[in-house]
């Protein structure tokens with residue numbers, strides 16, 4: 001969101017446990033996956049979505065790009081939503097884009113609790129205000145420079161240029177827009193809770209009519225499941241992670257570990273939904289969309305739907321996309337929910353603003 005230069009963009013999603021890279025081609029009517037790869041990160045390289053070791057992250061990005069076969073040099077990356085300050089302010093509808101930018105620069109100190117030379121600042125015109133047809137809702141977004149620059153540094157270490165620095169929540173919103181257009185059970189007016197179950201964090205983002213209404217992080221993720229496997233069966237963390245991904249576990253795994261973890265996921269979702277309804281004038285959501293590594297747990301979507309009564313779907317942004325010859329379509333479909341944020345970033349290639 002902060003650095004803009006539209007061209008062929010490689011989406012680079014840097015999470016706590018892995019780097020995902022994705023390149024899209026085709027057109028807005030028919031996207032094609034040109035390249036994709038996932039590369040694990042060593043423990044400690046990223047902590048709570050903050051890059052601690054840009055060299056290690058850069059090396060992982062370089063390996064992922066090589067594995068993907070992409071020749072792209074421009075990349076889009078995202079800063080964590082929790083590290084961003086967002087304010088929506090009204091502006092007269094007759095203002096030009098240049099006039100809005102000038103006014104925001106003048107008014108920003110009212111909304112941003114840092115000196116302007118310490119932040120990257122951007123804005124987006126969200127549309128006519130619901131409360132006043134003569135004004136526009138303009139969203140101001142700011143992030144500390146170090147949050148942006150450490151991601152630039154990691155990309156540069158991998159031989160890439162950060163032409164776009166976005167925000168996780170907006171990348172999710174972007175990918176959701178493409179999925180929702182083609183999903184038979186999701187309509188634009190639906191309030192959809194997108195639940196991103198990562199290694200260490202679970203994020204709930206509520207979207208309606210293409211706009212994010214609410215987002216919240218909780219410290220909970222698949223690391224807890226991995227740790228439970230290791231403690232129960234006497235495995236190292238690496239062994240437990242391999243066993244979790246392969247499914248090569250004792251017969252009592254389902255009842256002893258998996259079902260209690262599914263219940264924990266359910267509790268986290270219910271807790272986040274309660275925060276959403278208490279913080280807004282909405283009383284419910286229309287459906288749930290599961291993304292991230294935790295969403296791939298067998299039977300989780302059915303378990304959540306059965307216990308919440310809310311229609312629950314897997315968030316695979318690639319279902320209606322074609323794939324280049326070098327892309328394994330079976331793997332692409334299996335890992336689709338893992339690439340949701342990367343997809344939202346790669347879609348910036350098709351922005352015209």
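Within the range 260-296, restricting attention to residues that are part of a loop (DSSP other than H, G, I, E, B) and free of Cβ contacts under 8 Å to residues at least 40 places away in the same chain, which residue is farthest from residue 191 (Cα to Cα)? This residue is 281.
Going by the structure shown, is residue 226 over 30 Å from residue 127 (Cα atoms) and outside the structural domain of residue 137 (by TED's automatic domain parsing)?
Details: over 30 Å from residue 127 (Cα atoms): yes; outside the structural domain of residue 137 (by TED's automatic domain parsing): yes.
So residue 226 fits the description; yes.
Looking only at residues of the range 63-88 that are touching a helix residue (DSSP H, G or I) at 6+ places or on another chain (Cβ under 7 Å) and not in a loop (DSSP other than H, G, I, E, B), we find that the one that is surrounded by the fewest Cβ atoms within 10 Å (Cβ to Cβ) is 83.
Are any of the residues in the range 268-281 surrounded by 12 or more Cβ atoms within 10 Å (Cβ to Cβ) and under 24 Å from residue 43 (Cα atoms)? For the range 268-281, residues surrounded by 12 or more Cβ atoms within 10 Å (Cβ to Cβ) and under 24 Å from residue 43 (Cα atoms): absent. A single entry from 272, 278, 295 fulfils the requirement of being modelled with pLDDT of 95 or more and over 21 Å from the mean Cα position of the chain (by Cα): 278.
Considering only the range 249-258, state which residues are without any contact (Cβ under 8 Å) to a residue 24 or more places away in the chain and either part of a helix (DSSP H, G or I) or within 21 Å of the chain's Cα centre (by Cα) (or both). 254, 255 - these are the residues of the range 249-258 that are without any contact (Cβ under 8 Å) to a residue 24 or more places away in the chain and either part of a helix (DSSP H, G or I) or within 21 Å of the chain's Cα centre (by Cα) (or both). Of all residues in the range 40-67, those that are within 21 Å of residue 347 (Cβ to Cβ) and modelled with pLDDT of 95 or more total 3.
Tallying residues that are buried (at least 18 other Cβ atoms within 10 Å of the Cβ), out of contact with any helix residue (DSSP H, G or I) (no Cβ under 8 Å at 6 or more places or on another chain) and within 14 Å of residue 25 (Cα to Cα) within the range 318-341 yields 2.
Rundown of residues vs (1) surrounded by fewer than 21 Cβ atoms within 10 Å (Cβ to Cβ); (2) free of Cβ contacts under 8 Å to residues at least 40 places away in the same chain; (3) touching a strand residue (DSSP E or B) at 6+ places or on another chain (Cβ under 9 Å); (4) within 20 Å of residue 342 (Cβ to Cβ), yes/no style:
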residue	(1), (2), (3), (4)
143	no, no, yes, yes
147	yes, no, yes, yes
155	no, no, yes, yes
162	no, no, yes, yes
166	no, no, yes, yes
172	no, no, yes, yes
181	yes, yes, no, yes
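For the residues 254, 293, 247, 315, the requirement of being under 30 Å from residue 69 (Cα atoms) and surrounded by fewer than 18 Cβ atoms within 10 Å (Cβ to Cβ) singles out 247.
Being at pLDDT 95 or above and closer than 22 Å to residue 171 by Cβ is the requirement here; does residue 338 meet it? Judged against the criteria, residue 338 is a match. Quick one: in the range 106-141, which of the residues that are part of a helix (DSSP H, G or I) and surrounded by 13 or more Cβ atoms within 10 Å (Cβ to Cβ) is farthest from the chain's Cα centre (by Cα)? Within the range 106-141, the match that is farthest from the chain's Cα centre (by Cα) is 107.
The values are calculated or read from the model by the stated rules, or taken from the named source; none is laboratory data. As the structure is a prediction and not an experimental result, all values here were calculated from the model. FYI the Cβ positions are ideal-geometry reconstructions off the backbone, even for glycines, and counts take in every protein chain you see.
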